[in-house]
Amino acid sequence: LGVDKFRDTSLLAFLDKERMTNDIQRQVRRHIVKNDSWQGEVWYKKPNGDSFPALQTITAVRNDKGEALQLIHIFNDISAEKHDQERMQQLALTDTLTHLPNRFAVLQHLDDAIKRTHTSKRSCALLFFDLDFFKPVNDTHGHDVGDALLQAVGPRVRECLRSTDIVGRLGGDEFIILLEHIQTRSDIEKIANEVID
């Protein structure tokens with residue numbers, strides 16, 4: 001029984017070819033030949049051209065001789081679930097108060113930046129800072145004012161950074177800046193001084 005037996009051109013016409021490459025399609029067909037079924041995520045195109053993800057189960061129907069006569073396709077649109085999953089992932093990487101990358105996200109960015117330095121031969125820098133006299137702001141004016149101050153830090157610091165740089169919140173009044181593509185130490189000092197000012 002050849003892999004080509006499992007071509008269903010009517011259904012294949014609706015596949016999102018950018019996401020469901022020929023190689024992926026061949027892997028699915030081989031899996032069905034070997035195991036009689038397959039389940040996984042498939043991307044289709046709607047008539048308007050929008051793509052959507054589906055959880056698809058494909059099962060081969062065989063006759064008494066064991067020959068595959070047809071395939072049964074069952075799929076469910078999982079767009080809402082994927083959206084919820086992406087939102088949960090975004091929330092897991094975002095500081096809820098400032099909407100900046102949180103400690104976990106900054107560590108991921110740092111890990112990626114370090115890997116990129118090996119290929120680009122350029123340096124990266126990590127700047128750590130906290131807000132002086134932040135506790136008296138909370139004590140004197142209340143936590144709402146303190147929160148508003150923390151929320152103002154990100155946008156103000158971003159004004160001093162390049163588009164590729166990242167500012168994140170570690171917690172409390174502690175922040176971190178990740179600078180990539182650094183050529184000289186003076187580049188770091190210049191940015192640091194602008195942030196302090």
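Please work out if Leu170 is in a loop (DSSP other than H, G, I, E, B), modelled with pLDDT of 90 or more and either in contact with a Lys or Arg (Cβ under 7 Å, 6 or more places away or on another chain) or hydrophobic (A, V, I, L, M, F, W, C) (or both).
Working: in a loop (DSSP other than H, G, I, E, B): no; modelled with pLDDT of 90 or more: yes; either in contact with a Lys or Arg (Cβ under 7 Å, 6 or more places away or on another chain) or hydrophobic (A, V, I, L, M, F, W, C) (or both): yes.
No; evaluated as a whole, the condition is false for this residue.
Against the criterion of being assigned to a helix (DSSP H, G or I), in contact with a Ser or Thr (Cβ under 9 Å, 6 or more places away or on another chain) and at pLDDT 90 or above, Leu150 qualifies. Which of the residues that make up segment 98-128 are open to solvent by 100 Å² or more (accessible area, probe 1.4 Å), out of contact with any Asp or Glu (no Cβ under 9 Å at 6 or more places or on another chain) and outside any helix (DSSP H, G or I)? Once the filter is applied, which keeps residues that are open to solvent by 100 Å² or more (accessible area, probe 1.4 Å), out of contact with any Asp or Glu (no Cβ under 9 Å at 6 or more places or on another chain) and outside any helix (DSSP H, G or I), segment 98-128 yields His99, Lys121. Taking residues in segment 131-160 that are in contact (Cβ under 8 Å) with a residue 40 or more places away in the chain, and partners anywhere that are open to solvent by less than 70 Å² (accessible area, probe 1.4 Å) and acidic (Asp, Glu), the pairs with Cβ atoms closer than 7 Å and at least 6 places apart or on different chains are Leu131/Asp173; Leu150/Asp173.
Scanning segment 75-97 for residues being modelled with pLDDT of 90 or more, assigned to a strand (DSSP E or B) and open to solvent by 40 Å² or more (accessible area, probe 1.4 Å) gives a total of 2. Inspect segment 181-197 for any residue being within 21 Å of Leu93 (Cβ to Cβ) and either at pLDDT 95 or above or open to solvent by less than 80 Å² (accessible area, probe 1.4 Å) (or both) and give the result as yes or no. No, segment 181-197 has no match at all.
The values are calculated or read from the model by the stated rules, or taken from the named source; none is laboratory data. Everything quoted here is computed from the prediction, not taken from an experiment. Reconstructed Cβ throughout: ideal geometry from the backbone, glycine too, with neighbour counts over all protein chains shown. Please note that ligands, DNA and RNA were not included when accessible areas were found on the heavy atoms of the full protein model with its side chains. Shrake-Rupley method; radii C 1.70, N 1.55, O 1.52, S 1.80 Å.
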